[in-house]
1. Give segment A:109-139 a look and list any residue that's closer than 21 Å to A:L227 by Cα and open to solvent by less than 10 Å² (accessible area, probe 1.4 Å), or say none.
2. For segment B:78-102, enumerate the residues that are more than 7 Å from chain A (Cβ to nearest Cβ) and closer than 19 Å to A:A14 by Cβ.
3. Which of the strands (runs of 3 or more DSSP E) contained wholly in segment B:172-237 include at least 2 residues that are under 28 Å from B:Q44 (Cα atoms) and among the polar types (S, T, N, Q)?
4. When you go through A:S226, A:S230, A:S196 one by one, which is the residue that is out of contact with any Phe, Trp or Tyr (no Cβ under 7 Å at 6 or more places or on another chain), under 18 Å from A:L145 (Cβ atoms) and open to solvent by less than 50 Å² (accessible area, probe 1.4 Å)?
5. Identify the single condition in (1) under 30 Å from B:S68 (Cβ atoms); (2) outside any helix (DSSP H, G or I) that B:E144 does not satisfy, given that it satisfies every other one.
6. So if I check each of B:Y98, B:Y85, which one is open to solvent by less than 20 Å² (accessible area, probe 1.4 Å), closer than 23 Å to B:A26 by Cα and either touching a Gly at 6+ places or on another chain (Cβ under 7 Å) or aromatic (F, W, Y) (or both)?
7. Does segment B:103-119 hold any residues that are without any contact (Cβ under 8 Å) to a residue 60 or more places away in the chain and either open to solvent by 10 Å² or more (accessible area, probe 1.4 Å) or at the interface with chain A (Cβ under 8 Å from one of its Cβ atoms) (or both), and which are they?
8. Of all residues in segment B:125-154, count the ones that are more than 13 Å from chain A (Cβ to nearest Cβ), over 20 Å from the mean Cα position of the chain (by Cα) and open to solvent by less than 60 Å² (accessible area, probe 1.4 Å).
Amino acid sequence: MDNQRKPNTGLLSAFVALLKRDLMVSYRHLGELMHPVIFFLIAVSLFPLAINPDPVFLQTIGSGIIWVAALLSTMLALDNLFRADYDDGTLEQLLLSPHPISVLVLAKVIGHWLVTGLPLIIIAPLLGVMLNLSDSAYVALLASLALGTPTMSLIGGIGVALTVGIRRNGILLTLLVMPLFIPILIFGASAVEAASMQLPFSGQLYLLAAMLVFSLSLAPLTIATSLKISLN
Amino acid sequence: MSISSHKSSSQTHRNTHTKADAEKQAVVEVDNLECMRGYRVLFQSLSFAIQSSTALHIRGTNGSGKTSLLRILSGLRQPEQGSVYWNGLPISSNRTQYLENISYQGHETGLKSDLNAIENLEFSIRMQNHNSSFTIQEVLEKLEIDHVSMLPCFALSAGQRQRIALARIILSGTTLWILDEPGTALDQTGLQIFESIVTEHVQNGGMMVFTSHHDFKLESVNYEQLSLDRYAVQSPI
């Protein structure tokens, strides 16, 4: 509380401060935080009821259901990435920080992923049990989600940054980012399916990792530029 | 194309303060600015300069482009034509250096409503490169909001939030303050505190550009006014 004059608090300090603030704000909105997770849970658990509760049948469609539900739940949570900050003026202040905006938006995306993507990875094994996923598939499920959900947060961030200045942007955001999510969905679900059939799945994981590295390096720059355009 | 000078007290005698000595060359120049909203030109051929130890009051009717001008000055908005210069360098190519020296407050307070005043202020201090020599507690006491500093901002009145936003500006320790309607929601005491803070800042070599429909009592500082209505473009229709 008692801050002495610090000549240069630095980029790392700003990065940590932003991450900490976002997590603190999320923590004080626990109910809102649970929406995507609850959606994920409900969506997955409805499939056996509606289609066929036969364990053998569930095993074949399980990986696809979990991945589709994870994608939709990420989609659902995306708009919150910059919406609240845009409304209360803190996004303006973020853009006026002397630090590189691309690094700061990375802190925001990481903070957002920690509260929306990470919980999905944690409860996915539980849903795997419900869908009678074969034992060999769990590693692939966790690994593919761990690589895929941050990629979706980063790519989705671009869409949110482009549309944050538009009042009712729901369908536009979906149209923008959904095509870019499709490759992640294909390789993610296919990794889990291959693993459940005892086949090698490292190829799919490598591709997902490549997509993550690619979006990790370029998405922050794109998000920063898009935000500047949106707030112009 | 000059600024209608309300009170043209000489600036040369104001350099007795230490901060003013260090920053006496600080100057913001605006050259041939044009701003459009949609297909409408709000103002055109707008040029002016702001020296150290000056408060510039931007005036104009509703919709004359006051907020747009302040957003251009802060670098948030790109003008259709013209540039803004900080100490002779265009702000578009010297972003970091410029942003280290300015504070901006728009219509929104820029506070997280779930955090309390101290959490909000600590955050904004850590996002800056420089800080003022004041502590958070000192500034909160000066603004008479230290008694609500532990309440989340959503529980505060608009005036109290505005005071916290002012605390953020003071704590930034920057030279140029760009404030959009800073007097809104402030009560009589709040306005007086604001006037004394601004006077102190400007007398110490600072600069302020602000819009307001309220007349502030800033007699002891170099106070200039600029009316945007003179730069408005007549609609061709």
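The values are calculated or read from the model by the stated rules, or taken from the named source; none is laboratory data. Being a predicted model, the structure only gives us computed values, none of them experimental. A quick note on method: Cβ atoms are made from the backbone with ideal geometry, for glycine too, and the neighbour counts reach across all protein chains shown. Protein only, heavy atoms only, side chains kept; ligands, DNA and RNA dropped before computing areas. Shrake-Rupley method; radii C 1.70, N 1.55, O 1.52, S 1.80 Å.
1. Residues satisfying the conditions are A:V109, A:G111.
2. B:R95, B:Q97, B:Y98, B:N101, B:I102
3. Answer list for segment B:172-237: B:222-227.
4. A:S196
5. Going through (1) under 30 Å from B:S68 (Cβ atoms); (2) outside any helix (DSSP H, G or I) one by one, B:E144 breaks only (1).
6. When all the criteria are applied, what remains is B:Y98.
7. Looking only at segment B:103-119, we keep the residues that are without any contact (Cβ under 8 Å) to a residue 60 or more places away in the chain, and these are B:108-119.
Within segment B:103-119, B:E108, B:T109, B:G110, B:L111, B:K112, B:S113, B:D114, B:L115, B:N116, B:I118, B:E119 qualify.
8. Selection size over segment B:125-154: 2.
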